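Novice: Here it is, the structure, as structure tokens.
The values are calculated or read from the model by the stated rules, or taken from the named source; none is laboratory data. Fair warning: this is a prediction, and the values are worked out from it, not measured in the lab. Ideal geometry is used to build each Cβ from the backbone, glycine not excepted, and the neighbour counts take in all protein chains shown. The area values use the complete protein model at the heavy-atom level, side chains included, leaving out ligands, DNA and RNA. Shrake-Rupley method; radii C 1.70, N 1.55, O 1.52, S 1.80 Å.
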Amino acid sequence: MWCNVAVSSVKVASIIGVLPALDEVIKVCGKSGIFHPDDALSFYSKNNNFVPLSEGNPYSEPLRKLKDMVKRAGMKLQLVDIADFEVSLKEINDYVNYINYKMGLLLEKKQDILNRITKHQKAQENIGHFIGLDLNLAEIFACKYIKVRFGKLPKESFEKLNASGEDPYMLFFPCTVDEKACWGVYFAPLENIAEVDRKFAGLYFERLWLNQINGTPETELEIIKGLIADTNAELESINRKIESFWKTQKDQCLRFYTKLEEMNTYFTIKNYVSKYNESFILVGWIPQEEEDNFAHQLSDVYGIEFSIERADNEEKHSPPVKLKNNRFSRPFESFVEMYGLPSYNEIDPTVIVSVLYTLLFGIMFGDFGQGIVLSVAGAIMWRLKKMMLGRILIRCGFAASVFGLIYGAVFGLEHVLDPMYKALFNLDEKPVDVLEPKTVMTIIVLAVILGAGIIILSMILNIYSSLRRRNYENALFGQNGVAGLIFYGSLVTAGGTMALGVNVVSLPYVLGLMVLPVVLIFFKEPLGKLLSRAPDWKPKKWGEYMVQNGFELFEIMLSYITNTMSFLRVGAYVLVHAGMMMVVFTIAQIMPGGVVGYTLMAVFGNVFVIALEGLLVGIQVLRLNFYELFSRFFEGQGRPFAPIRVSEENL
């Protein structure tokens with residue numbers, strides 16, 4: 001069976017063996033980095049006795065504990081080379097427990113120090129609000145008949161309290177005030193303190209507990225500053241101990257971490273294993289070019305048998321897809337993936353999209369200078385952020401520059417290249433002046449011709465793809481099949497020749513190339529069933545079928561016209577781009593400030609047009625590809641090739 005050259009060929013590997021050999025098989029499959037596991041039971045018709053292998057992952061918990069501990073310590077983990085590092089599960093658990101115990105003790109001490117620092121800083125903040133009180137707070141708190149309360153009031157409550165002045169015991173002495181609150185103190189006799197506390201609580205008073213202070217706020221503040229300095233010194237000491245311990249353990253820890261990450265990743269393969277008594281089965285996909293190497297590694301495992309077959313024989317299982325395109329087209333795979341991956345036996349449209357997207361963008365955004373800016377912006381996006389869109393912009397910007405040379409446009413200046421055309425081609429002016437009235441109609445007509453050509457191309461691709469999938473009904477009688485191609489092609493030919501003054505339309509032409517294809521499209525479903533020799537080819541109710549398909553046929557005929565007219569936007573954007581830049585320079589000429597004002601407006605206008613129209617053209621070109629091209633031949637129901645492998649993405 002044919003496979004599209006843009007899709008990497010894969011093969012299906014079936015492995016059967018005894019359970020004691022499973023771990024070695026898992027290790028081989030995981031280390032290969034090319035094994036995409038699949039549901040084993042779906043590949044075998046006689047699988048009643050097999051059940052999924054249910055085992056708990058012994059590596060997930062130590063991996064979690066190690067990662068959590070290292071993260072708490074503020075260190076970073078990374079994968080390292082462990083080619084010669086072999087350890088048992090017991091050794092892994094022992095090491096993880098050891099480093100968790102040692103590092104845990106250090107981190108507990110550090111947390112205790114941080115808690116004490118936070119406590120001291122809070123006390124420092126609280127006492128700071130009462131600096132200036134020339135009082136020995138210990139003596140005040142020792143009073144038997146007078147009670148004192150330190151704290152803060154919302155500013156609104158403080159103003160309300162001062163305004164009332166009714167209760168002689170409701171006296172609040174402020175110390176510091178900011179925009180939101182007022183810190184201070186109130187006193188009350190012992191027999192009245194409960195009532196006063198209740199009233200202040202109604203004013204949202206927040207009490208600060210300063211009972212532990214034995215002197216003035218100033219002396220206590222100095223004591224706390226000393227405590228903070230001491231605990232900060234303790235913090236520096238414990239941080240040095242943590243760094244020293246990590247320095248001695250880093251290399252070993254990274255090896256154990258990599259081994260855990262590796263074994264945890266490989267263990268996911270077991271989720272696809274099925275067993276019966278002491279036997280197991282495992283099925284997965286591998287790239288065709290890796291078959292020999294993979295088979296050689298499996299052949300060293302004792303107690304198993306395996307077979308590797310072509311994916312074409314297993315299309316019902318939907319082989320996973322790995323796109324393989326040339327350097328120019330590769331960035332456009334992201335657009336294809338937005339719509340959906342091609343199935344294994346389906347055409348990969350990436351190359352077509354890369355050419356059409358770049359071509360249409362260049363036509364619609366034709367400006368030599370602005371195209372260079374787009375390419376430079378794309379290069380920066382790719383270099384700094386590795387954005388795939390940047391690589392697409394590089395190509396689109398180059399295309400825009402090429403068509404800008406044809407249009408003679410450089411940053412919206414329409415005649416700056418006229419001397420070049422005169423010197424090179426002996427032309428009095430640029431080849432295409434998009435603002436000339438006689439050129440406008442030509443651009444519109446060419447846009448329609450281009451659209452018709454793309455639609456015809458998509459129909460040809462649909463016929464080819466449908467035949468490969470043995471969908472003969474769609475290939476022969478569909479609106480985008482042979483019948484649709486003949487009808488649409490004859491319609492375009494008739495319109496084109498009539499525009500040139502040649503009439504090819506005749507009765508045989510109409511009956512053979514227009515009426516007959518329409519009839520075939522109308523009866524597509526019963527004709528397709530007849531072709532596949534289905535016994536129930538007749539519709540259950542002919543009347544219902546005729547009415548329903550009549551409306552569908554009308555919609556199909558209308559879609560041929562509307563889809564072709566959609567490409568008018570290609571020509572429209574050529575004119576819009578030139579028109580927008582003409583507006584920019586018209587405004588620049590009336591800007592105050594002379595040359596400076598003109599230059600600033602011209603620069604701003606170019607930036608605005610590049611950003612706005614670049615976005616709009618990009619979206620419109622993508623829409624044309626999706627709705628006028630993809631929808632005719634591309635289903636996009638494939639699934640990605642995702643082999644089990646350890647990488648930084650697992651982190």
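Novice: Could you please tell me which pairs satisfy a Cβ distance under 6 Å, a separation of 6+ or placement on different chains, a first residue in the range 262-289 that is over 13 Å from His36 (Cα atoms), and a second residue that is part of a helix (DSSP H, G or I) and open to solvent by less than 50 Å² (accessible area, probe 1.4 Å)?
Specialist: Asn264/Leu63; Ser274/Ala40; Ser274/Leu41; Glu278/Leu19; Phe280/Leu19; Phe280/Leu22; Ile281/Ala40
Novice: Select from the range 235-281 the residues that are of a type in the set (D, E, K, R) and farther than 15 Å from Val70 by Cβ and list them in ascending order.
Specialist: Answer for the range 235-281, where residues must be of a type in the set (D, E, K, R) and farther than 15 Å from Val70 by Cβ: Glu236, Arg240, Lys241, Glu262, Lys270, Lys275, Glu278.
Novice: Given the range 385-481, what helices (runs of 4 or more DSSP H) lie entirely inside it while holding 1 or more residues that are touching a Phe, Trp or Tyr at 6+ places or on another chain (Cβ under 6 Å) and buried (at least 21 other Cβ atoms within 10 Å of the Cβ)?
Specialist: The helices (runs of 4 or more DSSP H) meeting that bar are 388-407, 437-468.
Novice: Okay, next question. Among the residues of the range 242-266, which ones are buried (at least 20 other Cβ atoms within 10 Å of the Cβ) and either in contact with a His (Cβ under 9 Å, 6 or more places away or on another chain) or of a type in the set (D, E, K, R) (or both)?
Specialist: Within the range 242-266, Lys259, Glu261, Glu262 meet the criteria.
Novice: Still on this model: Being open to solvent by less than 70 Å² (accessible area, probe 1.4 Å), in contact with a Pro (Cβ under 6 Å, 6 or more places away or on another chain) and farther than 30 Å from Met103 by Cα: is that true of Ile34 here?
Specialist: yes
Novice: Just to confirm my filter: which helices (runs of 4 or more DSSP H) fall fully inside the range 281-378 and include at least 1 residues that are in contact with a helix residue (DSSP H, G or I) (Cβ under 7 Å, 6 or more places away or on another chain) and among the β-branched types (Val, Ile, Thr)?
Specialist: In the range 281-378, the matching helices (runs of 4 or more DSSP H) lie at 333-339, 350-364.
Novice: Of all residues in the range 584-606, which are open to solvent by 80 Å² or more (accessible area, probe 1.4 Å), among the β-branched types (Val, Ile, Thr) and closer than 18 Å to Val410 by Cβ?
Specialist: Across the range 584-606, the qualifying residue is only Val603.
Novice: Another question, if that's okay. Kindly indicate whether Phe585 is in a helix (DSSP H, G or I), at pLDDT 90 or above and more than 29 Å from Leu461 (Cα to Cα).
Specialist: no
Novice: Further, regarding this structure: Just wondering, is there one or more residues in the range 267-277 that are open to solvent by 30 Å² or more (accessible area, probe 1.4 Å), in contact with a Pro (Cβ under 6 Å, 6 or more places away or on another chain) and either in a helix (DSSP H, G or I) or at pLDDT below 90 (or both)?
Specialist: Yes, there is a match, as at least one residue in the range 267-277 is open to solvent by 30 Å² or more (accessible area, probe 1.4 Å), in contact with a Pro (Cβ under 6 Å, 6 or more places away or on another chain) and either in a helix (DSSP H, G or I) or at pLDDT below 90 (or both).
Novice: Let me ask another. Can you say whether Leu612 is among the aliphatic types (A, V, I, L, M), under 29 Å from Gly478 (Cα atoms), exposed (fewer than 15 other Cβ atoms within 10 Å of the Cβ) and free of Cβ contacts under 8 Å to residues at least 24 places away in the same chain, as far as the supplied structure shows?
Specialist: no
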